[in-house]
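Structure first, then comments.
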Amino acid sequence: MHSVGVAEHLPFDCVVFLEQGVLRVQVKTATRQRAGCFNFNVSRGYHRSPGGVRGYAENDYDLLALVCLSENVVKFSADRRRAQVVGIEEIERLRRQPGASFVAALSALGVDQMAPAPAGPVPFCY
């Protein structure tokens, strides 16, 4: 499995090459937790841009990567909701099993013929 970054204007941040095909990944980051969780606003654009802030279309990306920067963990998700959270209680599990959320997200997408998750970190682009 390999990943590569893409041009900035696309609605996803990188692509991951699997045996089954190409997966488009949207990356969202949070620096610190508030009230026991990391909060992610899954939207495009920014407040002062001509296009403003808007949601993603259903086919803009395949997989979401929620990066908790201060904890150095990533949670992958196939959930399409605009507001996402990673609870503090999830952090230790994400550290112990860094590939588990990736495999679960792939399964939710119907891509479940993967080999078992690697013991180390999942290949990932920022």
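Structure summary
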quantity: Wholly enclosed strands (runs of 3 or more DSSP E) of the range 30-105 bearing at least 2 residues closer than 21 Å to Val6 by Cα; calculated: 63-68, 73-77
quantity: Every pair of residues 6+ apart whose Cβ atoms lie under 8 Å, when the first sits in the range 46-75 and is basic (Lys, Arg) while the second is surrounded by 10 or more Cβ atoms within 10 Å (Cβ to Cβ) and at pLDDT 90 or above; calculated: Arg54/Ser43; Lys75/Ala65; Lys75/Leu66; Lys75/Cys68; Lys75/Val86; Lys75/Glu90; Lys75/Leu94; Lys75/Ser101
quantity: Any pair with Cβ under 6 angstrom, 6 or more apart, that starts in the range 5-26 at a residue that is under 18 Å from Ala57 (Cβ atoms) and ends at one that is exposed (fewer than 14 other Cβ atoms within 10 Å of the Cβ) and modelled with pLDDT of 85 or more; calculated: Val15/Val22
quantity: Candidates Phe38, Phe17, filtered to the one that is surrounded by 10 or more Cβ atoms within 10 Å (Cβ to Cβ), touching a strand residue (DSSP E or B) at 6+ places or on another chain (Cβ under 9 Å) and within 16 Å of Leu106 (Cα to Cα); calculated: Phe17
quantity: Among the residues listed as Val53, Val67, the single one being buried (at least 17 other Cβ atoms within 10 Å of the Cβ), touching a Lys or Arg at 6+ places or on another chain (Cβ under 8 Å) and either at pLDDT below 90 or closer than 20 Å to Ser101 by Cβ (or both); calculated: Val67
quantity: For Val15: the one exception among (1) touching a Ser or Thr at 6+ places or on another chain (Cβ under 7 Å); (2) assigned to a loop (DSSP other than H, G, I, E, B); calculated: (2)
quantity: Subset tally (residues that are in contact with a Lys or Arg (Cβ under 8 Å, 6 or more places away or on another chain) and either surrounded by fewer than 19 Cβ atoms within 10 Å (Cβ to Cβ) or within 15 Å of Ala30 (Cα to Cα) (or both)) for the range 73-95; calculated: 4
quantity: Sole exception among (1) modelled with pLDDT of 95 or more; (2) surrounded by 15 or more Cβ atoms within 10 Å (Cβ to Cβ) for Arg44, by number; calculated: (1)
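The values are calculated or read from the model by the stated rules, or taken from the named source; none is laboratory data. Predicted model only: the values in this text are computed from it and were never measured. Note: ideal-geometry Cβ built from the backbone for every residue, glycine included; neighbour counts use all protein chains shown.
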